[in-house]
Amino acid sequence: MRQFWTLLAFSWIVACSSSSVSTAERTNSSEKAPLATVLKEETLEPYPGLKIDHVQFSNGLNAYIIPREQNGTVGVVVGYEVGSRFEKVGRTGLAHLFEHMMFRGTESFPEPFQTLSEWSGHEFNAFTSDDQTVYHEMVPLKNFEDALKFESERMRKLLITPQGFNTERGAVVSERKMNYEDSPGGRLHFELYQTAFDKHPYKTTPIGWQDDIERASFEDALSFYHRNYAPNRASIAIIGDIKTDETKNLLLKYFGSFEEVPFKGLDTPKETLYRKNRKKTIHLKTQAVFLGDAAFAPTYNDKEAFAELFMCVLFADSTSGYLQHTLVEKGIARSVSASCSPSVDPGLSTITIVGVPKVSAATLEKKYEEAKKGFLAWAKNDRFENIKKYFEISQLESMRSPMDFATSIVSNAVTAKDPLYSFKLVEEVKKLKFEDIEKQFKTREKIGHTRILIIPAEKNDPMKKDKK
């Protein structure tokens, strides 16, 4: 369960050696608590005929209910405002580790993998990013209420034991080695953030540092869970063969007794965005050179975010971008890609180039620098407008999937504080002029860049923490 999202007065089941702490008193207490009330109801309609019923409850939970005919299935997506940005120095990796822990089971659902598989086959998963953790499943209508009960119990009746914590910690350490230490793509991503950032928690991506993960105690895990999961830091989207009023009542039934928990965030330091370029070379067992080029990116609140994202599409989209034409089609690179989405705080816009085997790092860098000089001339006129149309169609097409659509709503609600941000993005990109892209590209070149080169070698360089 992945890469590319709080806080309840949870009940705990804490097993210590052969004994456990009962949740009976806490459960009875919570059941006596008054149900949350509806604070706000509104209908969102990003496009004519596409309606989303938004319900905000008094405990802070935001629900997005999307009735639509869907062959007797319902998608449930729950997003939490907890990611690696909320981790303390020396305690990295806990957000992602808890993504794993949330599949350890609850009082009513002790074997969630088996249960979810029976409900939905393999249509369930989760992911953790810098700013959020998101869980999603597609279930038959007959299991819809069970799915809501399951998600509510993950909030307050999660089966957390020292044995389960140690098991998942071992799984995360193994995942880290396979997908980051020994993988050129994962290592490139991790090292770009480590090298670019000095102070901000974005410096360490969600996979964390192995020594931090191994040093984390069971008590650290409980504290993280209690601090970072609550209805007032969560959003839920439900899409499928449902009715709004019935769904609202089920949400009150299973989430309504949860109380809002005050949350005090960390004092997040700011990075210096305009600085000298940085570069690092890493040796790994790989067949080709990997080049990563990153610059600090706009946030969700910055109007430049739309020009930055579309500029990256023009420049390095793997299908229609400029670098695909100048590097891949000419036999210099095997692939190019870009990741330039905004984040809560200034993150990174990254360009990744994988060279053709036997193309040296020096040659790949030289060809990349030469290519950049011709980008603006290539992107003018009809090409600019045609790729804009392609982008609009591809973005809307990606939301045809019910699960992807619901995930987009939840993710945007948690991070951008705007569930319709993806629709706003499409509309803002449609307004862009070539001069906006030209300005953003030139601005990007002035911001301090971070470059990582991964060079084929006989053995892998170890990962090391720097002293910043």
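Taken over the range 378-419, the criterion of being surrounded by fewer than 20 Cβ atoms within 10 Å (Cβ to Cβ), under 18 Å from the mean Cα position of the chain (by Cα) and among the aliphatic types (A, V, I, L, M) is satisfied by 399 alone. Taking the range 57-98 as the range and being part of a helix (DSSP H, G or I), farther than 19 Å from residue 267 by Cα and modelled with pLDDT of 95 or more as the test, the residues that pass are 96, 97. Mind telling me which of the residues 319, 286 ends up being in a loop (DSSP other than H, G, I, E, B) and modelled with pLDDT under 95? Among 319, 286, only 319 is in a loop (DSSP other than H, G, I, E, B) and modelled with pLDDT under 95.
Within the range 221-255, the residues that satisfy the criterion of being of a type outside the set (A, V, I, L, M), surrounded by 21 or more Cβ atoms within 10 Å (Cβ to Cβ) and farther than 20 Å from residue 72 by Cα are 224, 225, 228, 229, 231, 233, 235, 255. Which of (1) under 30 Å from residue 339 (Cα atoms); (2) crowded, with 22+ Cβ neighbours inside 10 Å does residue 179 not meet, given it meets every other one? Result: residue 179 passes all but (2).
Return only the number of the condition from (1) within 22 Å of residue 194 (Cα to Cα); (2) not assigned by TED's automatic domain parsing to the domain that holds residue 451 that residue 282 does not satisfy. Single failed check for residue 282: (2). Summed over the range 67-112, residues that are under 20 Å from residue 250 (Cα atoms) and buried (at least 24 other Cβ atoms within 10 Å of the Cβ) total 7. One residue alone among 192, 188 is buried (at least 20 other Cβ atoms within 10 Å of the Cβ), part of a helix (DSSP H, G or I) and touching a Phe, Trp or Tyr at 6+ places or on another chain (Cβ under 9 Å), and that residue is 188. One residue is enough: does the range 370-387 have a residue meeting the conditions of a type in the set (Gly, Ala, Ser), modelled with pLDDT of 95 or more, part of a strand (DSSP E or B) and not assigned by TED's automatic domain parsing to the domain that holds residue 242? Scanning the range 370-387, I find no residue that is of a type in the set (Gly, Ala, Ser), modelled with pLDDT of 95 or more, part of a strand (DSSP E or B) and not assigned by TED's automatic domain parsing to the domain that holds residue 242, so the answer is no.
Pull up the range 124-135, narrow it to residues that are part of a strand (DSSP E or B) and crowded, with 22+ Cβ neighbours inside 10 Å, then point me to the one that is modelled with the lowest pLDDT. Filtering first and then ranking leaves 124. Only one of the numbered conditions (1) surrounded by 21 or more Cβ atoms within 10 Å (Cβ to Cβ); (2) among the aromatic types (Phe, Trp, Tyr); (3) at pLDDT 95 or above is not met by residue 209, and that is (1). For the range 221-257, the candidate set comprises residues that are polar (S, T, N, Q) and not in a loop (DSSP other than H, G, I, E, B); within that set, the residue that is farthest from the chain's Cα centre (by Cα) is 249.
If the Cβ limit is 8 Å and pairs must be 6+ apart or interchain, which residue in the range 420-444 that is over 12 Å from residue 306 (Cβ atoms) pairs with which residue that is surrounded by 19 or more Cβ atoms within 10 Å (Cβ to Cβ) and not hydrophobic (A, V, I, L, M, F, W, C)? The qualifying pairs are 420/412; 444/308; 444/349.
The values are calculated or read from the model by the stated rules, or taken from the named source; none is laboratory data. Being a predicted model, the structure only gives us computed values, none of them experimental. Cβ: placed from backbone, ideal geometry, glycine included. Neighbour counts: every protein chain shown.
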